[in-house]
Amino acid sequence: MPKVTPFLWFDGGVQEAVDFCTSLFGDSAVLDISHYPEGSPGPAGEVMMATFRLGGQEFMAKSQQIWSTCEGEGGTAGDTIAPMAMTLRLTDAESEALRHRAEHEGRSMQEVAREAVRNYIDQVSRRELLDQVLDSELPRYAEALERLGQ
């Protein structure tokens, strides 16, 4: 059976939440903690990510930072839209192409990716609507179309 690791988001206070939870259950421990470094998008020193075990089950927790485009050296360092966040896993080539497009347009990588998602959904929705219309209307004109084709 595949291993599932629940991923929890907190509005700050990750260290306190992890410490509290691990104090409640047996077979619990903090496995790894990373902090925001100086100059990063998050508050320096605050827990950025934690991995911990509760009753034998592994969990991950992240501090949800509310910021919209944090510029760093070489372009955008990171951006998140609260309260919903999603990790988009890209190949190196896809990430580089997205970075290039974002820099070319003077926008963040997130803005470019979100627009691409919206465009894809619009395009697929139009295609599905056209398929529905054709499925319902073509049979009505099948005979006429058959004659025109001869």
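Order 90-96, 19-25 from most to least packed using the mean count of other Cβ atoms within 10 Å.
Taking the mean over residues of other Cβ atoms within 10 Å, the ranking is 19-25, 90-96.
With Cβ to Cβ distances under 14 Å as the rule, what net charge do the other residues near Leu54 carry (K, R +1; D, E -1)?
In short, -2.
Quick one: which residues, 5 or more positions from Met48 or on another chain, have an amide H under 5 Å from its amide H? H modelled 1.01 Å from N in the peptide plane, none for Pro or chain starts.
For Met48, the qualifying residues are Ser34, His35, Tyr36.
Apply the Karplus curve 6.51 cos²θ - 1.76 cosθ + 1.60, θ = phi - 60°, to the phi angles in the stretch 124-129 and return the couplings in whole Hz, x for Gly and Pro.
Taking θ as phi minus 60°, the curve returns 5, 4, 4, 4, 5, 5 Hz for the stretch 124-129.
If I model a spin label at Ser125 and Tyr141 as a point 7 Å from the Cα along the Cα→Cβ vector, what separation in nanometres do I get?
A separation of 2.6 nm, rounded to one decimal place.
Could you give the length gained by full extension between Glu103 and Ala116, i.e. 0.36 nm per residue of separation minus their alpha carbon distance, to one decimal place?
The span from Glu103 to Ala116 would gain 3.1 nm if fully extended.
Rounded to whole Hz and in sequence order, give me ³J(HN,Hα) for the stretch 104-121 from the Karplus expression 6.51 cos²θ - 1.76 cosθ + 1.60, θ = phi - 60°, writing x for Gly and Pro.
Those phi angles translate into 4, 8, x, 10, 6, 4, 5, 4, 5, 5, 5, 5, 4, 5, 4, 4, 4, 4 Hz.
Each residue of the stretch 93-102 in order: what ³J(HN,Hα) in whole Hz does its phi give by Karplus 6.51 cos²θ - 1.76 cosθ + 1.60, θ = phi - 60°, with x for Gly and Pro?
Using θ = phi - 60°, the values come out as 5, 5, 5, 5, 5, 5, 4, 4, 4, 4 Hz.
Values quoted throughout were computed directly from the atomic coordinates according to the rules given, and no laboratory measurement underlies them. All figures in this text were calculated on a predicted structure; none of them were measured in a lab. We place every Cβ from the backbone using ideal geometry, glycine too, and count neighbours over all the protein chains shown.
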